[in-house]
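The values are calculated or read from the model by the stated rules, or taken from the named source; none is laboratory data. Predicted model, so just to flag it, every value in this text is computed and none were measured. Note: ideal-geometry Cβ built from the backbone for every residue, glycine included; neighbour counts use all protein chains shown. When the accessible area is computed, the model is the full protein with side chains, heavy atoms only, and any ligands, DNA or RNA have been set aside. Shrake-Rupley method; radii C 1.70, N 1.55, O 1.52, S 1.80 Å.
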Amino acid sequence: ALESVPDLERAMYRVIQGSPCVRLLSMQGESGCANPGRDKIVAPLQRLTKLEFKTKGAVAVLLPYSLFHSRNKFLSVCSRTLHDPSFAAQVAGALVEFADNANRSVNSNPDSKFPLAEFAPYSNKTYQWNPLGTDVLQKRYNFPVYLLSPESTRGLREIAAENEARNAKYPLQVAEFDVVMQTTKSGTHTSESCLKEGSCLPLGGYSILSSFSSITSKPTLLVLAAMDSISFFRDFTPGADSPLSGLISLLAAVDALSKADGIHNATKQVVFLVCNGEAWGYLGSRRFLFELEYGGGSAFGFNMSHIDQILEIGSVGQAVEKTFYGHVQDKHASASTKEIVASLKRSAESVNAQITTASSENPGIPPSSMMSFVQKSDSLTGVLLEEFDTSFKNKFYHSLFDNADNLNPESIVAASSIVARAIYQLAMGDSSAKLDSVAVNSSLVKDLISCLLTPDPGMNCPLVTGFITPAQPVSNHYVGVVTGAPSPTPSDDLLDDTTRFIWNFLADRTRRLDAGECSKDCKGQDQVCVGATGQGRGSCVVSTTRYVPAYSTRLRYKSGNWELLPVGSGDFMDSIDPVWTESFWKSLTLRVYQQERPSLNGMLLLAGCSVTVASAVSILATRALFRKRLKSA
């Protein structure tokens, strides 16, 4: 029964659930997707099984993911709209069917063949680290694109079949896209202009710094991993192998080391840094180095001169026969770098794995946070641990298919064990240390994969809910935007679930002393509140675990607004910094409804006008007759 206007609206319109591709901006211009103008787009729905349109005129195309993205530019909507204007004119919007693992395509690798090549600390920018890459990820698409939910996919297939049965004759089911971006409305098409007009926000978030001890002037081993990824659809950014396998390896290694004898009083201090925003121009690592150089409060006294060795954990979820590769920038590695490699090899032998030095034919280190450190100083070099030698093993790099099924948990357990035992040797300054005492919990690795990379249980798993109350049931690893003033002590509403969980996990595993219960803050020096959730109180612990803002070094937050600083005001790479931003929007909606043929609207308007005119004439005639009779009476 239709008892109200909302009831009538629900009967007329079917709201479609999905994840939109959104408009992003850089110093060079726009990328991503949006409506081309300020108005909604309405177009008949048509399902494609191959790239051939069945009617003339622009349509909303419903298509499988394999047609949306493919290495063959003539068999992919992504590529063909970029190279064929006449084809692009027929695409009013794209509705990509839900793609489960059964629909995986070996060609689902949308990034470039050398991601972030401009940041490489060597001259060969054309090397193909990612040979399967199609380079469509950060292009500009002048039409809206949605990735549909499974339920919406089934429903729209039925609706598209109805349109096809009518042979594209009205009445037809049409899709209405409301993906209008504020940057489009305001005419701001670069990060510089949109920041000035306030129509966008910078990409960024928070990295996490942690250590087993108070940071002193002792030589430091810095252990790195990244926590964010990138994909075509911001709400579906799993990044399982690249980079979450490295992050999970780091967390499992920290857990194992927390139980090792003497780690809190080691000869060399170990500092862990989980970097955020790395997929967008190494925002986390570059901002960290900037804070170190200029004494930002978030670094808490950590000095660049303290860094003696660097070990980064990259993609380690697909190693074949537990064989990993150590990448170094300098072919003539320093003594400290050689010490890391030696420790890794000894650790690998202890777990029946293998560490091989990467090919000397490589131009240098592959895309990684290490690039920021090498660019900063030749002395800031180290070893990057990867599952590959000369090119990426991950064929779903930066794709929505880089999910938990793209991982081998045993590979991550092996990498965690190697890393933990190598760190223990380096920290204790003893190459003959008893490595059997450092044991990685394989169940923890599986739990981390389940929590961070699957929808069930997802972030509602006991491991996560023991530390935080998640805002979302599924973890997403898109970096997001910085919504408030950057701070070394941000409030929870400025942090995503993954960042809050990692901070709590590291603070718990590196804690040196318990100091009672807490609900939010602790008063003692170096005390932090761990595990305070909406359902229970947390614990005050002594831990050197801190947040470090991660955003472009060319930006400054002042008086409630973001300002773009001139080149030379930021860090050593600010001249090539793209300064990524994301447009504001009022709403992003997609709905389907039945539309009559356009000529019928004109006919209804004409009929309405005719009725109005006839009614007016009738009223005037009746009034005149009535007055005439009154006078005669």
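Quick one: LEU51 ticks every box in (1) in a loop (DSSP other than H, G, I, E, B); (2) out of contact with any Lys or Arg (no Cβ under 7 Å at 6 or more places or on another chain); (3) not charged (D, E, K, R) bar one, so which box is it?
The one condition LEU51 does not meet is (2).
Enumerate the helices (runs of 4 or more DSSP H) found wholly within the range 391-474, keeping only those where 2 or more residues are touching a helix residue (DSSP H, G or I) at 6+ places or on another chain (Cβ under 9 Å) and hydroxyl-bearing (Ser, Thr, Tyr).
Values: elements: 409-428, 442-453, 462-465.
So the answer is 409-428, 442-453.
Given the conditions (1) over 30 Å from GLU158 (Cβ atoms); (2) of a type outside the set (Asp, Glu); (3) open to solvent by 40 Å² or more (accessible area, probe 1.4 Å); (4) touching a strand residue (DSSP E or B) at 6+ places or on another chain (Cβ under 7 Å), report the number of the one that LEU620 does not fulfil.
If we test LEU620 against (1) over 30 Å from GLU158 (Cβ atoms); (2) of a type outside the set (Asp, Glu); (3) open to solvent by 40 Å² or more (accessible area, probe 1.4 Å); (4) touching a strand residue (DSSP E or B) at 6+ places or on another chain (Cβ under 7 Å), just (4) comes out false.
Could you tell me which numbered condition VAL579 fails, if it satisfies all but one of (1) more than 16 Å from GLY281 (Cα to Cα); (2) crowded, with 21+ Cβ neighbours inside 10 Å?
It is condition (1) that VAL579 fails.
Please identify the pairs in which a residue from the range 121-147 that is of a type in the set (Asp, Glu) has its Cβ atom under 8 Å from the Cβ atom of a residue that is assigned to a loop (DSSP other than H, G, I, E, B) and open to solvent by less than 30 Å² (accessible area, probe 1.4 Å), counting only partners at least 6 apart or on another chain.
Close Cβ pairs satisfying both conditions: ASP135/PRO110; ASP135/ASP111; ASP135/SER112.
Quick one: in the range 215-229, which of the residues that are assigned to a loop (DSSP other than H, G, I, E, B) and modelled with pLDDT of 95 or more is surrounded by the most Cβ atoms within 10 Å (Cβ to Cβ)?
Within the range 215-229, the subset assigned to a loop (DSSP other than H, G, I, E, B) is 215-219, 227-228.
Next, from what is left, pick out any that are modelled with pLDDT of 95 or more: 227-228.
Details: MET227: 29, ASP228: 31.
Among those that are assigned to a loop (DSSP other than H, G, I, E, B) and modelled with pLDDT of 95 or more, it is ASP228.
Answer with yes or no whether LYS434 is within 28 Å of ASN109 (Cα to Cα), modelled with pLDDT under 95 and of a type in the set (Lys, Arg). Spell out the reasoning first.
Details: within 28 Å of ASN109 (Cα to Cα): no; modelled with pLDDT under 95: yes; of a type in the set (Lys, Arg): yes.
Taking the combined requirement at face value, the residue does not satisfy it.
If ARG287 satisfies every condition in (1) in a helix (DSSP H, G or I); (2) surrounded by fewer than 24 Cβ atoms within 10 Å (Cβ to Cβ); (3) of a type in the set (D, E, K, R) but one, which is the exception?
ARG287 satisfies all of (1) in a helix (DSSP H, G or I); (2) surrounded by fewer than 24 Cβ atoms within 10 Å (Cβ to Cβ); (3) of a type in the set (D, E, K, R) except (2).
Enumerate the strands (runs of 3 or more DSSP E) found wholly within the range 111-214, keeping only those where 2 or more residues are within 23 Å of VAL91 (Cβ to Cβ).
Values: elements: 145-148, 172-178, 200-202, 205-211.
So the answer is 145-148, 172-178.
Give me the residue from the range 366-402 that is modelled with pLDDT of 95 or more and among the polar types (S, T, N, Q) and, out of that set, most open to solvent (accessible area, probe 1.4 Å).
So, considering only residues that are modelled with pLDDT of 95 or more and among the polar types (S, T, N, Q), the one most open to solvent (accessible area, probe 1.4 Å) is THR390.
Only one residue in LEU250, LEU195 is surrounded by fewer than 23 Cβ atoms within 10 Å (Cβ to Cβ), modelled with pLDDT of 95 or more and either over 30 Å from GLU582 (Cα atoms) or of a type outside the set (Ser, Thr, Tyr) (or both), so which one is that?
Of LEU250, LEU195, the one residue that is surrounded by fewer than 23 Cβ atoms within 10 Å (Cβ to Cβ), modelled with pLDDT of 95 or more and either over 30 Å from GLU582 (Cα atoms) or of a type outside the set (Ser, Thr, Tyr) (or both) is LEU195.
Each row is one residue, and each column tells you yes or no for (1) of a type outside the set (A, V, I, L, M, F, W, C); (2) within 30 Å of HIS306 (Cβ to Cβ); (3) touching a Cys at 6+ places or on another chain (Cβ under 8 Å).
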| site | (1), (2), (3) |
| --- | --- |
| PRO171 | yes, no, no |
| PHE177 | no, no, no |
| MET181 | no, no, no |
| THR184 | yes, no, no |
| SER193 | yes, no, no |
| CYS200 | no, no, yes |
| GLY204 | yes, yes, no |
| SER214 | yes, yes, no |
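Return the total of residues in the range 582-608 being farther than 30 Å from SER31 by Cα, open to solvent by less than 70 Å² (accessible area, probe 1.4 Å) and either modelled with pLDDT of 85 or more or small (Gly, Ala, Ser) (or both). Give the derivation first.
First pass over the range 582-608, keeping only residues farther than 30 Å from SER31 by Cα: 594-608.
Those left that are additionally open to solvent by less than 70 Å² (accessible area, probe 1.4 Å): 595, 599-600, 602, 607-608.
Next, only the ones that are either modelled with pLDDT of 85 or more or small (Gly, Ala, Ser) (or both) stay: 595, 599, 602, 607-608.
Total meeting the criteria: 5.
Looking at PHE324 and the list (1) surrounded by fewer than 24 Cβ atoms within 10 Å (Cβ to Cβ); (2) under 19 Å from GLY246 (Cβ atoms); (3) among the aromatic types (Phe, Trp, Tyr), which single condition is not satisfied?
In the conditions (1) surrounded by fewer than 24 Cβ atoms within 10 Å (Cβ to Cβ); (2) under 19 Å from GLY246 (Cβ atoms); (3) among the aromatic types (Phe, Trp, Tyr), PHE324 misses (1) alone.
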